[in-house]
Amino acid sequence: MTNIKQSGRCLCGGVTYDVSAPPIHTTICHCKMCQRSTGSAYLLEPIFYVGDFSVTAGETKVYTHISDRSALALYVNFCANCGTKLFQTFERFPEALGVFGGTFDDPNWFARNPENTRHIFVDSAIKGDILPADYMLYHQHTADAATGEKQEPFIHNEHKTVE
């Protein structure tokens with residue numbers, strides 16, 4: 001795999017970071033926590049291996065959120081000065097880290113296509129959201145919260161608007 005360097009930062013610039021590899025995959029999460037966390041309809045979240053990410057300046061504060069579905073912790077890292085959420089780590093997936101996609105200096109650098117992107121928690125999607133054709137869609141998470149059993153995605157053959 002080719003090493004790359006992409007950078008990002010918080011709104012005030014006090015915390016900066018780099019990634020050194022492409023995302024493992026990209027998640028678009030429609031859960032209520034991500035809606036509240038972003039103040040938007042969903043979180044665009046490229047997922048990286050922890051070793052491919054580094055904070056290059058500043059320090060983050062951490063908010064620990066306990067999932068109401070899995071009872072496992074999600075650690076949201078944010079700038080204490082401006083409040084920008086930058087990345088999150090997961091008790092459930094300790095090898096992975098999710099970046100808040102809009103914090104990259106170039107948020108268009110990583111691919112978002114049916115081969116590498118999945119939409120999760122689409123049952124919580126906000127009315128008017130468009131679920132794209134040919135993408136993997138999951139009613140909830142990609143694995144059952146209690147058993148860890150992988151869930152099967154479903155795919156629409158045309159764009160669907162959430163009603």
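Every number here is computed from the coordinates shown, using simple stated rules; none is lab data. Everything quoted here is computed from the prediction, not taken from an experiment. When we count neighbours, we look across all protein chains shown, and the Cβ atoms used for this are built from the backbone with ideal geometry, even at glycine.
Brief remarks follow.
- Net lengthening on full extension, residue 93/residue 152 (0.36 nm per residue, minus Cα-Cα): 19.3 nm
- Judged by the ratio a/c of the largest to the smallest principal axis of the C-alpha gyration tensor, region 6-161 counts as prolate, that ratio being 1.5 or greater while a/b is larger than b/c.
- Helix-only [θ]222 nm of the chain, DSSP H runs n ≥ 4, -39500 (n - 2.57) each, per residue, nearest 500: -1000 deg cm²/dmol
- Lysine-lysine proximity count for the chain, Cα under 21 Å, sequence distance 8 or more or distinct chains: 6
- Extension gain, residue 55-residue 68: 0.36 nm per intervening residue step, less the Cα-Cα distance, totals 1.8 nm.
- Selection from 126, 156, 84 lying farthest towards where the dipole of the chain points positive, charges on Cβ: 84
- C-alpha center-to-center spacing [region 88-163, region 24-40] in angstrom: 8 Å
- Charge tally for residue 5 (other residues, Cβ to Cβ under 13 Å; Lys, Arg +1; Asp, Glu -1): -4.
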